[in-house]
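Encoded as structure tokens, the structure appears first; notes follow it.
Just so you know, all these numbers are worked out from the coordinates, no wet-lab data involved. A quick note: this is a predicted structure, and the numbers were derived from the prediction, not measured. Every residue, glycine among them, receives a Cβ derived from its backbone with ideal geometry; neighbour counts consider all protein chains shown.
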Amino acid sequence: MLRRDEADDRRLRSNPASSDRTHVTYVKYLTYVTDECTLETSGRARRQVMAAVHYESYTQARAHLKDLLDAADEGRVATVRRDSGHSAVVDVERLRHYLSLVCPSKAEVVAEAGGWSVFMSGLPLAADGATFDEAIGEMVQVLREYAEDWQDRLRTAPNHADNWGLVQLIALSDDGQLRDWLVGAPR
């Protein structure tokens, strides 16, 4: 039940002609969303709540691999614990889309010397080409090479270690998706 502050009630009752008749009430709403599906067993339909999927061992996860992958496909939380590690299983396209939002390209494209150059702000990456499209295409290849180098040796370098999200985005994207990400085209 929502109630106005008693002081506001008294003020409004004592001065009904008051020009301050505006009263703002803030309400917090807690929303719990569950995915439900209808299962049909023996001719009877029953509803089942689709919850997160957690497996405490690799053996359990392997035995329930279909359930683990189904949960990831549906966007539900799906995790596996192995020894002291804890890993999440996520649908590739969902992860790629999320990474494209949280890792903006910050690409700077400039016309220079009869061609185009592309620079990545904060990264030692650059490419150039005779046309805008050639320069962007070259940058896609530079990004692929960077991701490969990061996997091989740069992931432990202090000035590259935080580029995990960028490398994942590169690895999960095709060339067209990387082009769109570089130029800021919605997809």
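Worth pointing out:
- Each of the peptides 65-74, 154-163 was scored by the mean count of other Cβ atoms within 10 Å over its residues; in descending order, highest first, they stand as 65-74, 154-163.
- Between Leu172 and Ala126, the modelled labels are 3.1 nm apart [label points 7 Å from Cα along Cα→Cβ].
- Between Val77 and Glu108, the contour length at 0.36 nm per residue exceeds the Cα-Cα span by 7.5 nm.
- When you count the other C-beta atoms within 10 angstrom of each residue and take the mean per peptide, 169-178, 105-114, 118-127 line up highest first as 169-178, 118-127, 105-114.
- Directionally averaged projected area (convex hull, Cα atoms, region 63-187), nm²: 9.3 nm²
- Kirkwood radius, region 123-182, all distinct C-alpha pairs, inverse of mean reciprocal distance: 11.9 Å.
- Interchain or long-range residues, amide H under 5 Å from Val53's placed H: Val77, Ala78, Thr79
- Difference of contour (0.36 nm per residue) and Cα-Cα distance, Ser84 to Leu154: 22.7 nm
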